[in-house]
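The values are calculated or read from the model by the stated rules, or taken from the named source; none is laboratory data. What you are looking at is a predicted structure, and each value in this text was computed from that prediction instead of being measured. All Cβ positions, glycine included, derive from the backbone under ideal geometry; neighbour counts span all protein chains shown.
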Amino acid sequence: MTNAVTTHQAEDDARNAHILIWVNGALKPRREALVSVYDSGFMLGDGAWEGLRLYNGRWSFLDDHLDRLFEAAKAIDLDIGMTRAQLACALSDTQAANGMQTDAHARLMVTRGVKTRPFQHPGLSQQGPTVVIIMEHSRPHLPRPIRLATVPHLRGLPMTQDPKLNSHSKLNCILACIAAEKAGADEALMLDVHGFVNTTNACNFFIVKKGQVWTSTGDYCLNGITRQKVIDLCRANGIPVFERNFSLVDTYSADEAFLTGTFGAQTPVGMIDGRTIGSGQIGPMTERIRGLYRALVGA
């Protein structure tokens, strides 16, 4: 597809060719930052991760991200092998080694580690976890609002693979993204198991209708940290906000739509399934929430 954009689109930065990457306690040049082909993450998608943003020398909402990482690790019975303080120190060390102060993005990944044989059973991972921090200079650059297409792929029930887990197993979302691009859109709008609007393949989803902000119930989507901050900001600033079931019919007639995520904060949506949302540009409520969010991050 031509002219596609993504919610993680960033300005090119030549410095990223020379970044140092944290791999199990060692800082390594990009070309040398490697993991084993026997690693559980590579072989099976067995692991959890967090994405973090650096603003003015601070990792935004670090405690929230570490909470979510340790909750995921407990849920999948993975021993990270490091304390919260040690992970925070590893982030700081990687930041310092790369000379980063702001507009940086970190992907903190933990897998079950190297397996003794190439099979599924977690007991074959006997060497301890693999912990990696990729940190890049990264300033979001979105040339236009995002275009979404509804796809048949669902964010499923907790007893299949709980969508609240930020796991390395992302194939369902990747297939959704492929389907959306085949349909001429940038990213996928995914429904829940009941047919209600849920999330995109990469971000949480909101609409604005008659001065109200709506998002899904949260039962079938990632428990997004930026999503929760937006809900909290709306409640603190007198903006009616609802976590509720709503349909594509509600969505197509929305005044505005936007996505939330750690990388892009609040990303405007201009079109869904070929239908222009509002003016097709960023709307006044999205702009207001962006301003409130910037002030929160700055604080």
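If the requirement is being touching a strand residue (DSSP E or B) at 6+ places or on another chain (Cβ under 7 Å) and more than 21 Å from THR94 (Cβ to Cβ), which of these qualifies: VAL23, VAL5?
On the way: VAL23 fails: more than 21 Å from THR94 (Cβ to Cβ).
That would be VAL5, the only listed residue that is touching a strand residue (DSSP E or B) at 6+ places or on another chain (Cβ under 7 Å) and more than 21 Å from THR94 (Cβ to Cβ).
Given the structure, is VAL241 farther than 28 Å from ARG107 by Cβ, among the β-branched types (Val, Ile, Thr) and not assigned by TED's automatic domain parsing to the domain that holds ALA72? Against the criterion (farther than 28 Å from ARG107 by Cβ, among the β-branched types (Val, Ile, Thr) and not assigned by TED's automatic domain parsing to the domain that holds ALA72), VAL241 qualifies.
Within region 140-160, the set of residues being modelled with pLDDT under 90 and surrounded by fewer than 22 Cβ atoms within 10 Å (Cβ to Cβ) comprises PRO140, HIS141, LEU142, PRO143, GLY156, LEU157, PRO158, MET159, THR160.
Within region 55-79, residues that are closer than 23 Å to SER169 by Cα and in a helix (DSSP H, G or I) reach partners that are among the aromatic types (Phe, Trp, Tyr) and modelled with pLDDT of 95 or more with beta carbons closer than 8 Å, at six or more positions or on different chains, in the pairs HIS65/TRP59; LEU69/TRP49. Selection of region 143-160 for residues being out of contact with any Lys or Arg (no Cβ under 8 Å at 6 or more places or on another chain) and either of a type in the set (Gly, Ala, Ser) or outside any loop (DSSP other than H, G, I, E, B) (or both) yields ILE146, ARG147, LEU148, ALA149, THR150, GLY156, MET159, THR160. Filtered by the rule that a residue be surrounded by 15 or more Cβ atoms within 10 Å (Cβ to Cβ) and under 24 Å from LYS182 (Cα atoms), region 243-262 gives LEU248, THR251, TYR252, ALA257, PHE258, LEU259, THR260, GLY261. Here region 108-142 is the region considered, the condition is being in a strand (DSSP E or B) and farther than 21 Å from ASP46 by Cβ, and the residue that is farthest from the chain's Cα centre (by Cα) is HIS137.
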